[in-house]
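Report on one structure; see the data block that follows.
Quick note: the coordinates plus some simple rules give every number you see, no bench work behind them. Just so it is clear, the model here is predicted, and its values are computed rather than measured. Heads up, the Cβs are rebuilt from the backbone with ideal geometry, glycines too, and the neighbour counts pull from every protein chain shown.
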Amino acid sequence: MKRWKIGKPDAAKAADIASRCDIDRLAVDVLVSRGYDDIDSFAAFFQGGGLEDPFVIKDMDKAAETVTQAVDDYELICIYGDYDCDGITSTALLYDYLLSIGANVTYYIPERADGYGLNVNAVRYLHDRGVKLIITVDNGISAIDEAEEIYSLGMRLVVTDHHEPGETLPRAEAVVDPHREDCPSAFKGLCGCGVALKLCAALDGGSYDSVLEQYLDICAVGTVADIVPLTDENRYIVKNGLRYLENTDNFGLRALKEAAGFTGSLKSSSIAFGLSPRINSAGRFGSPITALKLLLSTQEDAEVFAGMLTNLNDRRKETESQISAEIFEHINSHPEILDERVLIITGEGWAHGVIGIVAARVMDYYGKPTILISEEGGELRGSARSIKGFNIFKCFQHASDTLTKFGGHECAGGLTVKEGKLDEFKAKVYEYAAAFEEMPAVTLTADKLLDPSDLTVEHVRGLEKLEPFGEGNPSPVFAMIGAQVTGIRALSGGKHTKLGVNYGGVNAELLMFGTPPQKLCIGTGARADFIVTLEISEFGGRESVSIKVSDYRPSGFNQNAYFSAKDAYERFKRGEQLAPAFYKKITPSRDELAGVYKLVKGKKQIDLDRLYYSFDPRTMNYCKLRICVDICKELGLFSFKAGSSLVTIAPSSGRVDLESSLILAGLRAKIAI
């Protein structure tokens, strides 16, 4: 279960702005809710401002001068990239540009097994091939030792990167990174491909004209894929790049679009869910060179490379599903894992290229920071995803004595655990988490509470002006509070559900994908709250508003009480001391235990959330309910799969003695103290 946060746009400000522009009122409300609360900020959002002079970035002039000299002298230049989509597109962009101006140029991208960024072995390999100048894209800012090796071998280095620099910059002819403290550039959010694009413009004398026409499509792909904020310059890159992408001259991108089934107009989501996963799959399961060759391919080869990437992407999906299933089964066997504030789960031979994706899914499902660690050949390497407010990088710093290396930022990171230090690492992570009075929760943020009058095709079409959507400018999300369910219908053989609702006098249909009707926690006639997204669908030549449900709950749900009780239950399970008065609140009576047993018996199997919603939260808090389930499980009345939160009635074994429950006895003893 997730927390909800519903924005409240200032009505007066929204009305004033709407009266002074041609933006639909619903779109205006969304932007006002996000902090764009005057006409100037609106203008800045929609204009995008274009791209700043490339030479404003620190060292860009030195980089252009160094590269130009190497081109003129026909020295062998190597573009050194990275194995993710941003690194691959950056490499393709700069390589193709240098080739077009007559440079003697090659490229190098390390395999995922080699690790991120420059490495000494690669540097020596490039030296042996006769490389004189290395240009990094999407990496290099932290390559202090590798840079020294480059110069010791008589080569030179130009760094272009977009990651945060450390206290010391690498030795180089130029270090081009907007995040340098001494860089005066106004916009800091470029991805690696954006920085490479600006280097090409600098090499063209500072003009963007031909560079944008040639490479804005590929730069848009790298920008969306790297999940950088789609505001300011990135908004300009993606919004205009999508138009170039629709009729791209890049044979590889054409083939990739066809493989993904895209025709006609494209959105940022087309890149995020169709193109970039295929490019990324090369670095996860094959070689990133396959994706690079696609982007540099001729028309004859493009279809072959696109097919290879699609196959790799299918393999990626299959592997993710296998690892996820293994994790859920592991949690079913070890449900105590879910009582911890941070989930740490280990497995054998999990593909390093996908465990980060799986960690994100596990975190979203259980609402807790998640660290997945794969053991292979005696080495323990892992990937983590976290919730804003719990800095996983600082957590790793706290546990650094148990790690050989680690990196990341607040919400994601990677690590390698020292041999024999896994248990100590877990203890350090739990220790760090224990210092939080309250752990942050996964939160769904709605831009505003929908008015029934908002549910028109015209209003929803107005939201399209806010495109492209992505990091920093997410797709609009809305809340519907107190909608009355008027009908429930199964879709696709029972896999999905369509709800009929009456919302403030407006009849609407809501789509719930992945939720069959029998798993709903609400019934016909009930009032419920929903978090939704809005789209326009067309059928038989008629347009209508399509409402897709992201989350829902019965109306009147008290989320603060729920999360407080959930935290108390986990503290209880971990053996932590609770306030004395609380033990009385969480100790069930015989009648309450009987009520839980009868309800589960009647359903035979029920989801834990649905079970919770079946009781009055004023008398049956979440902690008490979980204890009821635990007691019934202890007595052999229930089975409970923590991985999927399913409570199942056990085969009848005759009468049971409630007084034989050790859980109940322990609670009563606490009350008696």
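Just rank PHE425, PHE187, fewest to most, by other beta-carbon atoms within 10 angstrom.
Placing the least packed residue first, the sequence is PHE187, PHE425.
Amide H of LEU403: which non-local residues (sequence gap of 5 or more, or other chain) have their own amide H closer than 5 Å, using H built in the peptide plane?
LYS418
Using θ = phi - 60° and the Karplus relation 6.51 cos²θ - 1.76 cosθ + 1.60, list the HN-Hα couplings for region 502-514 in order, rounded to whole Hz, with x at every Gly or Pro.
10, 10, x, x, 9, 7, 9, 10, 10, 9, 10, 7, x
Calculate the length of the line joining the C-alpha centroid of region 19-82 to that of region 141-188, in whole Å.
21 Å
Could you check the spin-label model distance between GLU410 and ARG361? Points 7 Å from the Cα along Cα→Cβ, value in nm.
Taking the two extended label points, one gets 2.7 nm.
Gain in length, SER492 to SER453, computed as 0.36 nm per residue apart minus the alpha-carbon separation, to one decimal in nm?
Gain on stretching SER492 to SER453: 11.0 nm.
Using alpha carbons only, how many angstrom separate the centre of region 416-437 from the centre of region 334-348?
Here the answer is 12 Å between Cα centres.
So the label point goes 7 Å from the Cα of ALA44 along Cα→C-beta, right? Which residues of region 199-243 then have their backbone N under 12 Å from it?
Residues 232-233 fall inside that zone.
Once R0 is set to 30 Å, what does the formula 1/(1 + (r/R0)^6) return for the Cβ-Cβ distance between GLU111 and LYS5, expressed as a FRET efficiency to the nearest 0.05?
Values: r = 41 Å, r/R0 = 1.38.
After rounding, the FRET efficiency stands at 0.15.
For GLY482, what residues show an amide H to amide H distance below 5 Å, using hydrogens built from the backbone and excluding near sequence neighbours?
Correct list: ALA528, ASP529, PHE530.
What FRET efficiency would be calculated for the residue pair LYS465, HIS334, taking the C-beta separation as r and a Förster radius of 41 Å, to the nearest 0.05?
With a Förster radius of 41 Å, E is 0.25.
Of LYS239/LYS293; LYS8/LYS465; LYS257/LYS448; LYS495/LYS624; LYS426/LYS598; LYS8/LYS548, which pairs sit farther than 29 Å apart, going by alpha carbon to alpha carbon?
Values: LYS239/LYS293 26 Å; LYS8/LYS465 21 Å; LYS257/LYS448 34 Å; LYS495/LYS624 32 Å; LYS426/LYS598 39 Å; LYS8/LYS548 21 Å.
LYS257/LYS448; LYS495/LYS624; LYS426/LYS598, as the Cα separations exceed 29 Å there.
Estimate the FRET efficiency between LYS584 and ASP22 by the formula 1/(1 + (r/R0)^6), using the beta-carbon distance for r and 51 Å for R0, to the nearest 0.05.
Numbers: r = 61 Å, r/R0 = 1.20.
Efficiency, from the Cβ-Cβ distance: 0.25.
Would you mind calculating the gained length between PHE539 and GLU258 on full extension (0.36 nm times residue separation, minus the Cα-Cα distance), in nm to one decimal?
98.8 nm
Sequence-distant or interchain residues sharing an amide H contact under 5 Å with ALA174, placed H: which?
VAL159
With the contact rule set at Cα under 8 Å and sequence spacing of 6 or more, what percent relative contact order holds for the chain?
Relative contact order of the chain: 11 percent.
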